[in-house]
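A short worksheet on the structure shown next.
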Amino acid sequence: MAAGALLAGCETPTTQRYAISADNNLAIKQLAASGVGLAAFTAPATFDASCRALGPLQVADGLTHTQYIQKAFEDELKMAGALATAAPRVTLSGKVDKLEFSTTRGLTGGSWTIELSLRSSNGQSMTSSEYYEFSSGFAAPEACRNTAEAFSRAVQNLVGKTVRNPQFATLVK
């Protein structure tokens, strides 16, 4: 039993690579934006990635959670043909104001909370947030694995809410 506990403690829950959303892609294309650059996103003042006794949640490819959010926006803009790889017309910078998760909402439920501020080089800014609930599970390995997997869906929802918000159009125009 002790060996099983030690092996379970070595498990590292990892969020998979971001997957482009067809709905997000369409929403960006409908803006007819082009020449959009991205500056580095700033991490929140505090974020504890520790998940129960298993250790920290990780992100694929060695990214931080903040870099993952930035890369999600980059990937969506790139696939929609709006991202500028050189000499952008406008540049968006982001600050993740809040990033937190729970694996014990109602004992077997979990949630992610993400709050993001975006600022455009054209002087416009906006905020966006996502509260994403999911079933985490009772045992630590399952709960932490489900929490890591839910992060990608929470980020995909955050990107969707952001690019569908009328304020986003003012950032990229």
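Of all residues in the stretch 36-76, which are among the polar types (S, T, N, Q) and touching a residue at least 24 places away in the same chain (Cβ under 8 Å)?
Of everything in the stretch 36-76, those that are among the polar types (S, T, N, Q) and touching a residue at least 24 places away in the same chain (Cβ under 8 Å) turn out to be Thr42, Gln58, Thr66, Gln67, Gln70.
So which residues in the stretch 37-89 are aliphatic (A, V, I, L, M), in contact with a helix residue (DSSP H, G or I) (Cβ under 6 Å, 6 or more places away or on another chain) and buried (at least 18 other Cβ atoms within 10 Å of the Cβ)?
Leu38, Leu54, Leu57, Val59, Ile69, Ala72, Ala80, Ala82, Leu83
Among the residues of the stretch 103-129, write down those that are polar (S, T, N, Q), over 26 Å from Ala53 (Cα atoms) and touching a Gly at 6+ places or on another chain (Cβ under 9 Å).
Across the stretch 103-129, the qualifying residues are Ser117, Ser121.
Condition test on Phe101, is it over 27 Å from Lys29 (Cα atoms), surrounded by 17 or more Cβ atoms within 10 Å (Cβ to Cβ), free of Cβ contacts under 8 Å to residues at least 40 places away in the same chain and under 20 Å from the mean Cα position of the chain (by Cα)? Break it down stepwise before answering.
On the way: over 27 Å from Lys29 (Cα atoms): yes; surrounded by 17 or more Cβ atoms within 10 Å (Cβ to Cβ): yes; free of Cβ contacts under 8 Å to residues at least 40 places away in the same chain: no; under 20 Å from the mean Cα position of the chain (by Cα): yes.
No; evaluated as a whole, the condition is false for this residue.
For residues that are touching a residue at least 60 places away in the same chain (Cβ under 8 Å) and more than 12 Å from the chain's Cα centre (by Cα), scanning just the stretch 147-173, find the one that is surrounded by the most Cβ atoms within 10 Å (Cβ to Cβ).
Across the stretch 147-173, the extreme among qualifying residues is Val163.
Where a number appears in this text, it was derived from the coordinates with a stated rule and is not lab data. The structure displayed is predicted, hence computed values, not measured ones. All Cβ positions, even for glycine, are placed from backbone atoms using ideal geometry, and neighbour counts span all protein chains on display.
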